[in-house]
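S.K.: Can you read through this structure? Questions will come right after.
Where a number appears in this text, it was derived from the coordinates with a stated rule and is not lab data. If you're wondering where the values come from, they're calculated on a predicted model, not measured in any experiment. Note: ideal-geometry Cβ built from the backbone for every residue, glycine included; neighbour counts use all protein chains shown.
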Amino acid sequence: MLCGHNDAVMCASVSVEFGIVASGSKDRRVLLHRIHNGRLLRSFSDRREEQLQPEDIKGKKRRWSAKKDKEELLSASEVSMGGVELVSVSRVSGTVVSYYTRPNVVCVHSLNGVLLQQLNLDEEEEPEMAGSYKAMKVMPRRKDDKEFLLMGGAGGTIVVRVLPSLELLCRLDIPSSPVVCLSFIEDSFVFAGLEDGQVAVFPLFIVHAQ
């Protein structure tokens, strides 16, 4: 059993290449555990001051070693019902991307827990897209080692961003139905599972041509 979260786990992503599992919770924290022995490597969140190391997390009844940390966590949960809704680990670089709601934020961390980039989607996107993402994948491009972030949701749009900068590259519109899941074949196709029972298929040259 992998322990460390103070609230319900909302998402998880496994990287066999780096031997880790990343999990996201309503407590607004992402935890990294080793697959082979269950060891907790580190914890981080969308709050820059809360990048915690394993030694800060002790015991099952009291997750956070400092009372102040727990009080701040409870205070934050009272204000917001959001949390880490989606997490994805890159198979190439090990970059960990996490999507938080209320406020709607995307964070990019290294495996060492260093915050590489943070983007407030409430300020960057149209109001109808904010808080609506249901699927997220990190997609590599082998020919030049670039990586892209795919995000799809209720707006019927797949948003493609460059990693780790989170610069907007393009949008792939699906007018028929919201996106509920995403997958891809490297350097070939993107597949989007839709709420209406269909699967939309996009050739990746559309993205690579941007």
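S.K.: What nm distance separates the two modelled labels at F191 and F205, each placed 7 Å from Cα along Cα→Cβ?
M.R.: Roughly 2.1 nm, to one decimal.
S.K.: How large is the dipole of region 125-210 about the Cα centre if only Lys and Arg carry +1 and Asp and Glu carry -1, each at its Cβ, rounded to the nearest 20 debye?
M.R.: It works out to roughly 240 debye.
S.K.: What does the charge dipole of region 158-198 about its Cα centre add up to, to the nearest 20 debye, if the Cβ of each Lys and Arg holds +1 and the Cβ of each Asp and Glu holds -1?
M.R.: That gives region 158-198 a dipole magnitude of about 120 debye.
S.K.: Next question, about the same structure. V9 to Q118: extension gain in nm, 0.36 nm per residue of separation minus the Cα-Cα distance?
M.R.: Difference between extended and current length: 37.1 nm.
S.K.: Let me ask something else. Quick check on packing: order 7-15, 82-90 by the mean number of other C-beta atoms within 10 Å, highest mean leading.
M.R.: 82-90, 7-15
S.K.: Then there is this: What's the ranking of 22-31, 111-120, 145-154 by average number of surrounding C-beta atoms within 10 Å, highest first?
M.R.: Most protected by this proxy first, the peptides run 22-31, 145-154, 111-120.
S.K.: Quick one: length gained pulling C170 to L41 fully straight, 0.36 nm per residue minus the C-alpha distance?
M.R.: 43.0 nm is the gain from fully extending C170 to L41.
S.K.: Starting with the highest mean, order 35-43, 98-106, 175-183 by the number of other Cβ atoms within 10 Å, averaged over the residues of each peptide.
M.R.: So the peptides 35-43, 98-106, 175-183, ranked by packing, come out 98-106, 175-183, 35-43.
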